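Below is one structure; the comments refer to it alone.
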Amino acid sequence: MAQLLKLIPRETTPGALAHDVAAKYGRERRYLIRMLQEIQSTYGYLPQEALRVIANELRIPLTEVLTVATFYHQFRLEKPGEFIIMLCMGTACHLRGNAANYEFLRTYLGIKPGRSTTSDGVFSVEKARCFGCCSLAPVVMVVSRDGSYRKLYGGVTPAKLRRIIAEHRAKLAKKR
Amino acid sequence: MGDDGSWNLMSRCCGKCWHSLEYPCRNYIRCRTEGPLCHDDQRCRTLRSERVRYIKEGPNGYRIKVPLASCSIAAGAKEVLDAVKEVVESLGIPSDAVKTVGCTGLCYLDPWLELKAPGMPAALYGNVKPAEVEGILKKYFIENDVSGAYAISERTGKARGEGDVPTLSELDVWRLQVRYVSRNCGVVNPESIEDYIAYGGYRGLDRALRMSPEEVIEEVKKSGLRGRGGAGFPTWLKWRICRNQPSKEKYVIVNADEGDPGAFMNRLLAESDPHRVLEGLIIAGYAVGATKGFIFVRAEKPLMAERLQKAVEEARKHGILGKNILGRGFDFDVEVILSAGAFVCGEETALIAAIEGRATPRQRPPYPAVVGLWGKPTVINNVETLAHVATLMAEGWESFAAYGTERSKGTKMFCVTGAVKRTGAYEVPIGTTLRTLVEKIAGGVKEGRKLKAVQIGGPSGGCVPAHLLDTPIDYESLRDAGAIMGSGGIVVMDDTACMVDVARYFTSFIVAESCGKCFPCRIGTKILYDTLTKITEGKGTLEDLEILESVGRVVRDASLCALGGTAPNPVLSTLRHFRDEYLAHIIDKKCPAGVCTKLLKYRINPDKCVGCGTCAKHCPAGAISKDEKSGKYVIDQEKCVKCGTCVTICPVNAVVKEV
Ligand SMILES: Cc1cc2nc3c(=O)[nH]c(=O)nc-3n(C[C@H](O)[C@H](O)[C@H](O)COP(=O)(O)O)c2cc1C
Ligand code: FES
């Protein structure tokens, strides 16, 4: 019977995934960051359930997991859009107009104050740190939720942002 | 054998070679290029020398180099590569003449192409578009004409049109550089260990392993190398302290968490020549007596992580990592760890915390060289520091100490970005003046603009005003000018930059990055930020300047780690050199550079407006509407988000920015 049960693939909920990931790293506290990285690479963010399971598996308080999850920029606690538009907020990009681009993009996409994702869940707009491509400033990187697709754009202006949005809307339509 | 089963330099020449991973030959590295060394056979010797020639010169002297690094890829290098591959064979050029390399640091040329045919000088083409590739290749390879090239990168051979095209080594951008640690960037294929070895790679390790660890430390001491990650601590001393610890377990870590905005030389170096960094790490491990090394690399720079990972795997495959390295009884392995991204992780104790799965830095001393990763003695070095170690171990300390000043030897890579004509990463001897770097090498600011300041050292650094541009770049002189060397990011600002906004920008960065463990940094930087915001909104008072100065000093002196300790530098240095701009914001309520949005207004000049409505259509905020009476458009100041779209889009230039 136990053998049979093993054959039935367990539905991968965030909790089940977290369980497997914790087991993979021997439930060792020091691999916490890597566990979170692995969960995020599947979901594009850290689902609450997964965090709770990780805390349980490692036998540490949930706050400790949250401390790490909120400390590092890489981690998201909310589900992002299909595409995440990351605007570099590095020095060169700041001086060349990414602050205005950011304001433009949020207004253009109609993202509500306090949120970072459009209401249809297609785009998220985030501030990012220097990508190290400062010679192309201002720089924007578009990544898909699971991180499998990423594309960098240099010399970005509001007009170029419109084109980038259109390009990715079309991409999504094709996929669907 | 190579990955595809063909013979390459890493393979054995014949059955007489007895090298194996279990019983490694001590001359393995030298043998790759000079071999065979254990037996004498002309055929084997020719096999090796022919292969080295093939790698360096390409098949029959044909070579097409395309740079694949993050920045050139973003600028379209992959499309250029595809275009090259499409036409190369139809031109009668062997397809293996196409070689992907890293980045030379001449970012303003991205994406570039370098072409070489037998009997012709190598020619460099800048800002290549995929559609132009076929034309460029035809002109060079078929018509033997180099006109249209950016520069000739070598002085052999003859071609038409040569007279109009300068030689790279005549141009300031190249002539004034010393390519010591970056010599391979844009030259070797970063994904091939064979390439690295053909260009003399792992010779430094080979030489180090023939010495005792003490002798290695002594060699580094004689070179005068100081850490390139910011603080400039003597590398040998850090190693010596760690070596002298009695612990059996020790670690060495490459700090590849490059987080300074505007600094990308570590990324460039590790993406273009990853084996050099790895080689330096192995030498460091040998010198301090470590058994394990870590490469801590930022997740936001995925290609750098990928290439370093690949270098580690290749080195392991060939016994350059692992047990009994090069038959010298030294065991060492390396693990690549992806940083989850936080600026403070570049700080040594925070970096250790991150590898241990925690957050936040701790008080020093004890320094990591005494109590580090998992409580064991640990040496942490910057990417460039270790690449220098590999180079100087191969060439001898004299080659390094030949450059630089009395107190700071060698060369350093700097990234010059912002308002200059030629952005890029340049390597110069320490002690070169900022003027040489910014005006000669990077070409100065664009026509019609005036250089205002040079920001050096990122969020921990300061702004050096234009009149101090003759300051030599060394640790001490920069400190006196109110800046720091930092990791080497230099952002040039012209008269369109507002210095109060710059100070506010860096402070906002620190507020976001402060880990919050100690209150002087957590609360102090927030006070600085709020005060600066007040000033940029035109609500500042003269008293605020005193607040900035006194709080700045507290944050500097009382913070737990160097993040807070250096955080007020951008504020204090701009206050020192650009007080008049602060006063303009406070007293006149004006931002002279027209940057601070709260102090500026966009207005449509009704005399010029033709009523076409383009601006209203493109305004993301819906702030522009038609005034029915006059038929002209007007901007609703309440709704305007000051993105400036209307200025750029108006066909008759009717929109004006009022400061
Ligand atoms: C907030 C902060 C960020 C830092 N970021 C980096 C970094 O990105 N890369 C780096 O090599 N050193 C960084 N450092 C300096 C390191 O703490 C350390 O001094 C350096 O890695 C030592 O290597 P070196 O002796 O080879 O320079 C940072 C320091 C601080 C305080
Ligand atoms: S400042 Fe934007 S990429 Fe570096």
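What follows is calculated from the coordinates using simple rules that are stated; it is not laboratory data. All values derive from a computational prediction rather than experimental measurement. Positions of Cβ are backbone-derived with ideal geometry, glycine not excepted, and every protein chain shown enters the neighbour counts.
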Per its Cα gyration tensor (rounded if a/c is under 1.5, else prolate when a/b beats b/c, else oblate), the range B:332-379 is best filed as oblate
Distance in Å, no decimals, from the C-alpha centre of the range A:67-82 to the one of the range B:373-404 is 36
For the range B:302-406 the GluC sites (Glu not before Pro) that pass both the DSSP coil test and the at-most-16 other-Cβ-within-10 Å test are B:GLU356, B:GLU406
The number of Lys pairs in the range B:57-212 whose alpha carbons lie under 17 Å apart, excluding pairs fewer than 8 residues apart on one chain, is 22
Taking only the alpha carbons of the protein assembly as shown, the radius of gyration and the largest Cα-Cα distance, Dmax, both in angstrom, are 27.9, 97
Number of Lys pairs in the range B:411-497 closer than 17 Å at Cα, excluding neighbours under 8 places apart unless interchain, is 7
Row for the range A:14-71, column shape: gyration tensor on C-alpha, a ≥ b ≥ c, rounded if a/c < 1.5 i.e. under 1.5, prolate if a/b over b/c, else oblate; value rounded
With only helices counted (DSSP H, runs n ≥ 4, each -39500 (n - 2.57)), the per-residue ellipticity at 222 nm for the protein assembly as shown, to the nearest 500, works out to -11000 deg cm²/dmol
From fewest to most C-beta neighbours within 10 Å, the residues A:HIS168, A:HIS94 line up as A:HIS168, A:HIS94
Cα extents of the range B:227-331 along the principal axes, largest first, in whole Å, come to 40, 34, 17
Percent relative contact order for chain A, counting Cα pairs under 8 Å at least six residues apart, stands at 19
Within the range B:308-346, the residues whose backbone N lies under 16 Å from a label point placed 7 Å from the Cα of B:ARG210 along the Cα-to-Cβ direction are B:326-329
With label points set 7 Å from each Cα along the Cα-to-Cβ direction at B:ARG576 and B:HIS467, the distance between them in nm comes to 1.5
Expressed as a whole number, the average count of other chain Cβ atoms within 10 Å around the Cβ atoms of B:354-364 is 4
In degrees rounded to 10, the 0-90 angle between helix B:302-317 Cα long axis and the longest Cα principal axis of chain B is 10
Once both label points are put 7 Å beyond Cα along the C-beta direction, the B:LYS629-B:PHE233 separation in nm becomes 7.1
Relative to the compact-globule estimate 2.2 N^0.38 Å (N residues), the Cα gyration radius of the range B:72-194 stands at a ratio of 1.03
Counting only DSSP beta bridges with both partners in the range A:83-175, the antiparallel fraction in percent, to the nearest 5, comes to 60
Over the range B:14-55, the quotient of the Cα radius of gyration and 2.2 N^0.38 Å is 1.14
To the nearest 10 degrees, the tilt of helix B:77-88 (Cα long axis) against the first principal axis of the alpha carbons of chain B is 50
Checking the range B:597-659 for GluC sites (Glu not before Pro) in a loop per DSSP with at most 13 other beta-carbon atoms within 10 Å yields B:GLU628, B:GLU638
Within the range B:430-483, DSSP-loop GluC sites (Glu not before Pro) with at most 12 other C-beta atoms within 10 Å are B:GLU447
With R₀ set to 45 angstrom, the calculated FRET efficiency between the beta-carbons of B:THR156 and A:ASN56, to the nearest 0.05, is 0.05
Among A:PRO61, A:PRO138, A:PRO158, the residue with the largest mean-square fluctuation in a Gaussian network model of chain A built from Cα contacts under 10 Å is A:PRO61
With the 8 Å Cα cutoff and a minimum separation of six or more residues, chain B has a relative contact order in percent of 10
Of all DSSP beta bridges with both partners in the range B:193-401, the antiparallel percent, nearest 5, is 10
In the structure shown, of A:LYS160/B:LYS539; B:LYS590/B:LYS629; B:LYS222/B:LYS292, the pairs separated by more than 31 angstrom at the C-alpha atoms are A:LYS160/B:LYS539; B:LYS590/B:LYS629
Within 10 Å of the Cβ of an average residue in A:62-73, the count of other chain Cβ atoms is 4
Everything considered on the Cα gyration tensor (a ≥ b ≥ c; rounded for a/c under 1.5, else prolate if a/b is larger than b/c, else oblate), the range B:340-426 must be described as oblate
Chain B: antiparallel bridges as % of DSSP beta bridges, rounded to 5, reads 55
With Cα coordinates, the longest principal axis of chain A makes an angle with the long axis of helix A:98-109, in degrees rounded to 10, of 80
